[in-house]
Amino acid sequence: MKEYKTVIFDLGAVLIDWHPDHLYKKHIPSEEERNWFYENICTSEWNEEQDAGRSLAEATQLLLNQFPEHAEIIRMYYDRWEEMLNGPIQGTVEILRTLKDNEQYQLIALTNWSAETFPIALEKYDFLHWFHGRVVSGEEKTRKPYTDIYQTLLDRYKVNPREAIFVDDNKRNLGPAEALGIKTIHFVSQEQFKEELTSLGIL
């Protein structure tokens, strides 16, 4: 069986239950109206620019200029961003704990996350301090799925891609890792992730 030495974790939707719904369900009860809001105003593409380094103030002002009639609900996105965090995904945190206690693997986080909001998560969740290293897109001014952020991780932490596993819930982010020679796991559930790690001899 192939010997792996590094396990790379995405964070959002793998270890942390983050979603705008956790905030906006309280203020936009209609799922249809919330989806319209996410598809037309606070879009995933807009959010990803913050993940890649754009400031929260600039991002908010951009939307306020475009949609002044939605000012209150736009400002809420970052004024009350912490309410989008719904806590840890416990099963995956337990997998991370097992790997940490094993002391056999280098554990690294690779996340698309704003540099301005990531410190909030660091303060809330002790398990984010279990990693031997982390690469946060907002700090690097780039993001997944751009190849440079994966290469930054490999270089900074001296990771041999052939000895590494990367888990992410977004399939789009797996291709560049695979192209670099990293074994990937598409995260669907805690149970499925555990099964795949077991089949690879990691657990």
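Of the residues 134, 172, which single one is open to solvent by 40 Å² or more (accessible area, probe 1.4 Å), part of a strand (DSSP E or B) and either of a type in the set (Lys, Arg) or in contact with a Lys or Arg (Cβ under 8 Å, 6 or more places away or on another chain) (or both)?
That would be 134, the only listed residue that is open to solvent by 40 Å² or more (accessible area, probe 1.4 Å), part of a strand (DSSP E or B) and either of a type in the set (Lys, Arg) or in contact with a Lys or Arg (Cβ under 8 Å, 6 or more places away or on another chain) (or both).
Could you go through region 49-56 and let me know if any residue there is small (Gly, Ala, Ser), open to solvent by less than 30 Å² (accessible area, probe 1.4 Å) and part of a helix (DSSP H, G or I).
No, every residue in region 49-56 fails to be small (Gly, Ala, Ser), open to solvent by less than 30 Å² (accessible area, probe 1.4 Å) and part of a helix (DSSP H, G or I).
Quick one: in region 8-48, which of the residues that are of a type in the set (A, V, I, L, M, F, W, C) and part of a helix (DSSP H, G or I) is nearest to residue 159 (Cα to Cα)?
46
Would you tally the residues in region 61-82 being within 22 Å of residue 12 (Cα to Cα) and touching a helix residue (DSSP H, G or I) at 6+ places or on another chain (Cβ under 6 Å)?
Number of matching residues: 4.
When you scan region 57-79, do you find a residue that is in contact (Cβ under 8 Å) with a residue 60 or more places away in the chain and outside any helix (DSSP H, G or I), even just one?
There is no residue in region 57-79 that is in contact (Cβ under 8 Å) with a residue 60 or more places away in the chain and outside any helix (DSSP H, G or I).
For the structure I just gave you, tell me whether residue 123 is charged (D, E, K, R), over 20 Å from residue 189 (Cβ atoms) and either in contact (Cβ under 8 Å) with a residue 40 or more places away in the chain or in a helix (DSSP H, G or I) (or both).
Yes; evaluated as a whole, the condition is true for this residue.
The values are calculated or read from the model by the stated rules, or taken from the named source; none is laboratory data. Nothing here was measured: the structure is a model prediction, and the numbers come from that model. Reconstructed Cβ throughout: ideal geometry from the backbone, glycine too, with neighbour counts over all protein chains shown. These accessible areas exclude ligands, DNA and RNA; they are computed on the full protein's heavy atoms, side chains included. Shrake-Rupley method; radii C 1.70, N 1.55, O 1.52, S 1.80 Å.
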